[in-house]
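Written out below as structure tokens is the structure these notes cover.
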Amino acid sequence: MQEKIDLLKIPNHIAIIMDGNGRWAKSRGASRIFGHKNAITAVRETTEGCAELGVKFLTLYAFSTENWNRPKSEVDGLMSLLVSTITKEIPTLMKNNVRLQPIGNISHLPEEAQKKLKEGVQETSNNDGMTLMLALNYSGRQEICDGVKALISDINKKQISLEDISESLISQYLYTKNIPDPELMIRTSGEMRVSNFLLWQMAYTEFYFTDILWPDFRKSNLHEAIVSYQARERRFGKTSEQLLK
Ligand code: IPE
Ligand code: IPE
Ligand code: MG
């Protein structure tokens, strides 16, 4: 599959909704957290696969604001997995020249998770190959609310005026400031919804859905998604004939 990839048309930014850990575990008669633990290999393979191909930004949806509504034992398990994984995965990030950047309402994560994230960001801050954005306690609507608040505050302080408001200015008030919109979004496990992920940024993103459960996702699946993306015609409102000119 990899040989079918056009290296001149690699997406700059890939976003992934990593879904299906619970079902993967259930089918093995195991606990949901067993599924989350087994998802780390998929995260590592995907990060490495993207870095190898020259993808510049990879955003992984790891924990949504809505996920706080899960049973406490699962939430606690996910948070401690986050803490242990960041430390363990730093060598992989260094080897692949990847910089870590969390997005979401990070200040509401447990102290220990915030501390590890800070360390991870610090240790990888000089890597300039790819940026791995880990979406944690992330909500697309909350991101827009936060942006609106900051923007109105800047208007009140007369730092910007009403006339300055444009699509590109609004983008500057989001967590993904200065990061290009994703060209490709992948969601595993067969669910076909956006689940409050990058709502503003995905206005023209190509969606790729696969039935593979996230813990089974490997580089070959990533390559398949990229091949599918490359076969699409991105029309941005134009006609096919206009694009061929
Ligand atoms: C995705 O897998 C991981 C998180 C949302 C943290 P799920 O835990 O949602 O797995 P399913 O959807 O229940 O199978
Ligand atoms: C979305 O998955 C969030 C993450 C992958 C972190 P969910 O499994 O929580 O999504 P819904 O609630 O089924 O849409
Ligand atoms: Mg799910």
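Each of the peptides 15-21, 211-217, 150-156, 181-187 was scored by the mean count of other Cβ atoms within 10 Å over its residues; in descending order, highest first, they stand as 15-21, 181-187, 211-217, 150-156.
The value given for the chain is a Kirkwood hydrodynamic radius of 19.1 Å, derived from the mean inverse Cα-Cα separation.
From most to least packed by mean Cβ count within 10 Å, the peptides 100-106, 76-82 give 100-106, 76-82.
Counting only heavy atoms of protein chains, what accessible area per residue, in Å², does the stretch 103-194 have with a probe of 1.4 Å?
55 Å²
When 157, 118 are compared by accessible area at a 1.4 angstrom probe, the order from most to least is 118, 157. Residue pairs exceeding 23 angstrom between C-alpha atoms, taken from 4/177; 88/118; 72/149; 116/157: 4/177; 72/149; 116/157. Based on Cα contacts under 8 Å between residues 6+ apart, the stretch 32-154 shows a relative contact order of 36 percent. Accessible-area rank, largest first, for 32, 141: 141, 32, with all protein chains present and a 1.4 angstrom probe.
So what is the relative contact order for the chain, in percent, with contacts set as C-alpha pairs under 8 Å and at least six apart? That works out to 29 percent. When shorter helices are ignored and each DSSP H run of at least 4 residues is given -39500 (n - 2.57), the per-residue value for the chain at 222 nm works out to -12500 deg cm²/dmol.
The values are calculated or read from the model by the stated rules, or taken from the named source; none is laboratory data. This structure is a prediction, so every number in the text was calculated from the model and none was measured. Virtual Cβ from ideal backbone geometry, glycine too; neighbours counted across all protein chains shown. Note: accessible area is taken over every heavy atom of the protein model, side chains too, but ligands, DNA and RNA are not part of it. Shrake-Rupley method; radii C 1.70, N 1.55, O 1.52, S 1.80 Å.
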